[in-house]
Amino acid sequence: MRKINKIVVHCSASNWGDVEEITRWHQERGFSTIGYHFIVHNPYPKFQHYSERRPHFEYDGLIALGRPVDQEGAHVRGHNADSIGICLVGNKLFTSQQFRNLRSLLLALMRQYKIPVQNVYGHYELDSSKTCPNIDMETIRSTL
Ligand SMILES: [Zn+2]
């Protein structure tokens, strides 16, 4: 089992998506499979749901498994070996259910892997060329 020292929060930079969609996007970029370990859905799993403004609320905040945690992810340059990657589906706007369930997931992973709160990062904090996940991580950490 690899040693996990940090958690990195991302966004999908899309207004919709589910594990199947994001897996396809990452495979198109040459990855073997999805680069994240967890997805926190918004209510639009597919493009059609978003384009028709037809939310599927059963997806809102739903946590799904991506790449198995015991495998190194592909989500943050230079930090994949010892991190877990979580992706919020969305670009700049996220739902309250996504934030609630992100918090629960972070707390569970911090406890399971003994990760201190200061080791919960946003992608932009580990790669200054990024703004991902487009939320203030100080605020997120203050709730943990
Ligand atoms: Zn990112």
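Descriptive notes on the structure:
- Close pairs (9 angstrom Cβ cut-off, 6 or more residues apart or separate chains): closer than 25 Å to N119 by Cβ in the stretch 2-26, within 12 Å of the ligand (Cβ to nearest atom) and acidic (D, E) anywhere: V8/E125
- Qualifying residue in the stretch 65-81 (condition: surrounded by 19 or more Cβ atoms within 10 Å (Cβ to Cβ), over 18 Å from R141 (Cα atoms), within 15 Å of the chain's Cα centre (by Cα) and among the β-branched types (V, I, T)): yes
- Residues located in the stretch 124-144, provided they are basic (K, R) and either closer than 28 Å to M1 by Cα or surrounded by 18 or more Cβ atoms within 10 Å (Cβ to Cβ) (or both): R141
- Just one of the numbered conditions (1) within 16 Å of the ligand (Cβ to nearest atom); (2) touching a residue at least 60 places away in the same chain (Cβ under 8 Å); (3) farther than 19 Å from K6 by Cβ is not true of Q98: (2).
- Close Cβ contacts (under 7 Å, 6 or more residues apart or on different chains) running from residues in the stretch 69-83 that are within 17 Å of C11 (Cβ to Cβ) and free of Cβ contacts under 8 Å to residues at least 60 places away in the same chain to residues that are within 11 Å of the ligand (Cβ to nearest atom) and of a type in the set (S, T, Y) comprise G73/Y36.
- Filter pass, V89 being in contact with a Lys or Arg (Cβ under 7 Å, 6 or more places away or on another chain) and surrounded by 13 or more Cβ atoms within 10 Å (Cβ to Cβ): no
- When we screen Y121, Y59 for residues that are under 12 Å from the mean Cα position of the chain (by Cα) and surrounded by 18 or more Cβ atoms within 10 Å (Cβ to Cβ), the only hit is Y121.
- Within the stretch 12-41, the residues that satisfy the criterion of being buried (at least 24 other Cβ atoms within 10 Å of the Cβ), of a type outside the set (F, W, Y) and within 16 Å of the ligand (Cβ to nearest atom) are G17, I34, H37, I39, V40.
- Scanning the stretch 104-144 for residues that are in contact with a helix residue (DSSP H, G or I) (Cβ under 9 Å, 6 or more places away or on another chain), in contact (Cβ under 8 Å) with a residue 12 or more places away in the chain and more than 16 Å from the ligand (Cβ to nearest atom) gives M110, I115, V117, Q118, N119, R141, T143, L144.
Read-outs throughout are calculated quantities, based only on the coordinates presented, and are distinct from any laboratory measurement. Bear in mind the structure is a predicted one, so any value in this text is a computation, not a measurement. Note that each Cβ is placed from the backbone with ideal geometry, even for glycine, and that neighbours are counted across all protein chains shown.
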